[in-house]
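See structure below.
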Amino acid sequence: MPKNTVAVTERRAPERALWLLGPAMVAGVAYLDPGNVASNMTAGAAFGYLLVWVVVLGNVMAWLIQYLSAKLGIVTGESLPQVLGRRMQRPWARRAYWLQAELVAMATDVAEVIGGAVALHLLFGIPLVWGGAITGVVSLALLLVQTRRGARAFETVLIGLLVIIAIGFSAGLFFAPPDAAGVVGGLVPRFEDSTSVLLAASILGATIMPHAIYAHSALARDRFAPPAADAPRATAGVTASARLSSPLAPADLERARGISTPRLLRATRWDVTIALAVAGTVNLAILLLAAANLAGVDGTDSLEGAYTALRDGLGPLVATLFAVGLLASGLASTSVGAYAGAEIMHGLLHARVPLVARRLVTLVPALVILALGVDPTLALVLSQVVLSFGIPFALVPLVALTRRADVLGAYRNRALTTAAGVAASVFLIGLNAVLLWLVFTGG
């Protein structure tokens, strides 16, 4: 590595730790997408405080998972799809893995575009199909910020939307606080019937999102890419493509950055903690808002019905803030979803598709669902169940790779961390198996 390159890199590295925060905030947007809103709102309206424990548990598992994803991107300088694409020698295996990951990414897009469409309909009366198209176009504009202005500008825009989301979904609790005893009772793990299991899987699918696992490793890679390894982006989530075949060793990558890897990992732990604290609090606020104000109210099994009930019960201000939060959620999260989808294709297939073309293709399923008149809230909840089934395909390789010395070297997982990752994987896979059994047996 030339000395002048290292010197320039060191001069570029600000001393303030605040500069190191950001990637987890962008990934955290995925934890507040319209699918989360639909799942948590439906769970609160249908079962009150019963599934509070699912939201809390999902957030705890999400912290570990997102940290491992970011650590992989920082230490290796590659995203999870890149590492998998390089290690899978058989083309058919890479294509099969890409196909399931792509289906998960498209399910994500369905939830996010539909959520944005519903919000535009509630706020301005725009037909759902046109609202979905507008959401897709605006998300494309947000992605262009990432490709033309870089990771930091993209983070700034999405963090601004995250603030709007937090205010919009949490404001109602100040007007109608939840019952403290009910909240405490909801921390006891239990189910009532197959519907509560379905909603639990939906909440976990919306909380621990596969595309967020793929995206966070890429966001950390892009954010801390050394200048010498930067390359022009042909699509969102694609940088330093040469590292696909010849990645830098962790020690060489650290020297090229001019900042120590331990420092980056310490900052990342704070980054993930702050992001997941915000996301977890807002997700819990959505469920508590529904449990305190929508339980037993007719028509609250849909976002439109919940909006109407909030307007009638708490006033137009709370309902409008809720709709604005839903709109910001759809716009921000669909941008992160498209970023993840582009990275999945690039890392696994070593192929790049123009951003506009990819955005149009992934937009089609959501627009078709809206055009067919499928209930938007039902489509949102079911999309989260699809995401829940995609979790093991992202989580198991992540835990397996981050425990390997030949991948992360001295930064590989400790035995306790690996055990926690395995426990989370077993729990999520087991929940999905129970859900399948209940669905097919009618239990």
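Remarks
- Qualifying position, being without any contact (Cβ under 8 Å) to a residue 40 or more places away in the chain and assigned to a helix (DSSP H, G or I), among Val364, Val374: Val364
- Arg352 open to solvent by 40 Å² or more (accessible area, probe 1.4 Å), part of a loop (DSSP other than H, G, I, E, B) and either at pLDDT 80 or above or not hydroxyl-bearing (Ser, Thr, Tyr) (or both): yes
- Failed item, numbered, when Leu360 is tested on (1) open to solvent by 70 Å² or more (accessible area, probe 1.4 Å); (2) modelled with pLDDT of 80 or more: (2)
Okay, residues lined up against (1) open to solvent by less than 10 Å² (accessible area, probe 1.4 Å); (2) outside any helix (DSSP H, G or I):
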residue	(1), (2)
Leu122	no, no
Gly132	yes, no
Ile165	yes, no
Ala181	no, no
Glu192	no, yes
Thr195	no, no
Arg221	yes, no
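- From the list Ala105, Ala153, Ala101, the lone residue that is of a type in the set (A, V, I, L, M), in a helix (DSSP H, G or I) and surrounded by fewer than 20 Cβ atoms within 10 Å (Cβ to Cβ) is Ala153.
- Tabulated pairs, the stretch 389-410, first over 19 Å from Met209 (Cα atoms), second open to solvent by less than 20 Å² (accessible area, probe 1.4 Å) and not in a helix (DSSP H, G or I), C-beta under 6 angstrom, 6+ apart or interchain: Arg403/Asn413
- So Gly341, is it open to solvent by less than 10 Å² (accessible area, probe 1.4 Å), touching a Lys or Arg at 6+ places or on another chain (Cβ under 7 Å) and either closer than 28 Å to Glu155 by Cα or of a type in the set (Asp, Glu) (or both): yes
- Any chance Thr308 is of a type in the set (Ser, Thr, Tyr), open to solvent by 10 Å² or more (accessible area, probe 1.4 Å) and at pLDDT below 90: yes
- Considering (1) open to solvent by 10 Å² or more (accessible area, probe 1.4 Å); (2) at pLDDT below 65; (3) touching a Gly at 6+ places or on another chain (Cβ under 8 Å), the lone condition that Arg233 does not fulfil carries the number (3).
- Among the residues here, Thr135 does not qualify as more than 28 Å from Leu382 (Cα to Cα), over 17 Å from the mean Cα position of the chain (by Cα) and either among the polar types (S, T, N, Q) or modelled with pLDDT of 85 or more (or both).
- Only one of Ser245, Ser202, Ser241, Ser217 that is of a type in the set (S, T, N, Q), modelled with pLDDT of 70 or more and either over 17 Å from the mean Cα position of the chain (by Cα) or within 28 Å of Ala153 (Cβ to Cβ) (or both): Ser217
- Within the stretch 49-61, not a single residue is farther than 22 Å from Thr402 by Cα, at pLDDT below 90 and assigned to a helix (DSSP H, G or I).
- Positions within the stretch 1-43 being open to solvent by 10 Å² or more (accessible area, probe 1.4 Å) and at pLDDT 80 or above, in sequence order: Met25, Thr42
The values are calculated or read from the model by the stated rules, or taken from the named source; none is laboratory data. Worth saying up front: this structure is predicted, and the values here are computed from it rather than measured. Don't worry about glycine lacking a Cβ; one is built from the backbone with ideal geometry, like all the others, and counts go over all protein chains shown. Accessible surface is based on the protein model in full, side chains and every heavy atom, while ligands, DNA and RNA are left aside. Shrake-Rupley method; radii C 1.70, N 1.55, O 1.52, S 1.80 Å.
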